[in-house]
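Below: one structure, written as structure tokens.
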């Protein structure tokens, strides 16, 4: 075999030697780049403490008693005696309507009563004369009955006129608007010179909060959560006006009338609130947390550990069926030795950050994996790939 025929074999042997050298170098580089399990995963430990399960909702602060003051008569506002934020007492004059037309109606009714009284006096006198004539048999029984009927009609006219006079006097009194309760004026909807009409419905002139020291929150709770709420449960809430302060209340009522909007069903849960300093104002938005259940000295698992799954964990099938394994209980991964192992446990109540481990083999000493600091599917961008020439 000459030199020319040996040349391809030399090239093949050189390529094989180079490939073997590159493979050995790659294996050595991979071995050197492996991170110990304890340094690859970020872990936390379960801890013991108190956990509170709550239901969140939004609502609006309103006075417990909010009275809308209206008018039963129409007229022009003549005077105002109350304004926004003013404290008023029961029976205090709030406003006056122009009484000119009402006073004229009263005078007309008074005149009608006087006319009916005069007619009644004449009818009584005629009846008395007819009785004397009837006793002497100068008139018939029919004439006597007619005289009695005229007297009775006159009496009815007096009663009708008296009733109309009382109605007009009442309307005249209604021209003076008085407060039905003691409280604070939170809204005034009229001004001097404005005409109010009470033809079809009673217009609202003022709104009076009876007691701002006692407030309530009308909140909307989703139908999925309302089953957990009971009357008397504690409520914590905050408002935008005091973001650093938490307020307390109690569930007073769960109203049975649902509200349906865009196929979403909610229920009004009324929360009673003490407001001794009167810093909570009507109309403020309240962000509520209704305390459903509180447990003390329980093992709490961070929810971050529940969300962690190692790469490819969801694709791993059962050894017998080869199908994805379905979990019937919450699962966390625990660092044990040089590997991580899945551990299932029975979950209790949760608060969004922690979940109670009601039963299972978890302990406070277990290191729960919450993050893979160097997932296996990520490549080291600092290493340059090797190529064969």
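Quick notes on this structure:
- Residue in the range 105-127 that is surrounded by 13 or more Cβ atoms within 10 Å (Cβ to Cβ), out of contact with any helix residue (DSSP H, G or I) (no Cβ under 9 Å at 6 or more places or on another chain) and either in a helix (DSSP H, G or I) or without any contact (Cβ under 8 Å) to a residue 24 or more places away in the chain (or both) present: no
- Selection of the range 54-86 for residues being crowded, with 19+ Cβ neighbours inside 10 Å and within 19 Å of the chain's Cα centre (by Cα) yields 54, 55, 57, 59, 61, 63.
- The range 330-341 - residue that is in contact with a strand residue (DSSP E or B) (Cβ under 6 Å, 6 or more places away or on another chain) and in contact (Cβ under 8 Å) with a residue 24 or more places away in the chain and, of those, farthest from residue 53 (Cα to Cα): 340
- In the range 373-388 there is no residue that is modelled with pLDDT under 80 and outside any loop (DSSP other than H, G, I, E, B).
The values are calculated or read from the model by the stated rules, or taken from the named source; none is laboratory data. Fair warning: this is a prediction, and the values are worked out from it, not measured in the lab. All Cβ positions, glycine included, derive from the backbone under ideal geometry; neighbour counts span all protein chains shown.
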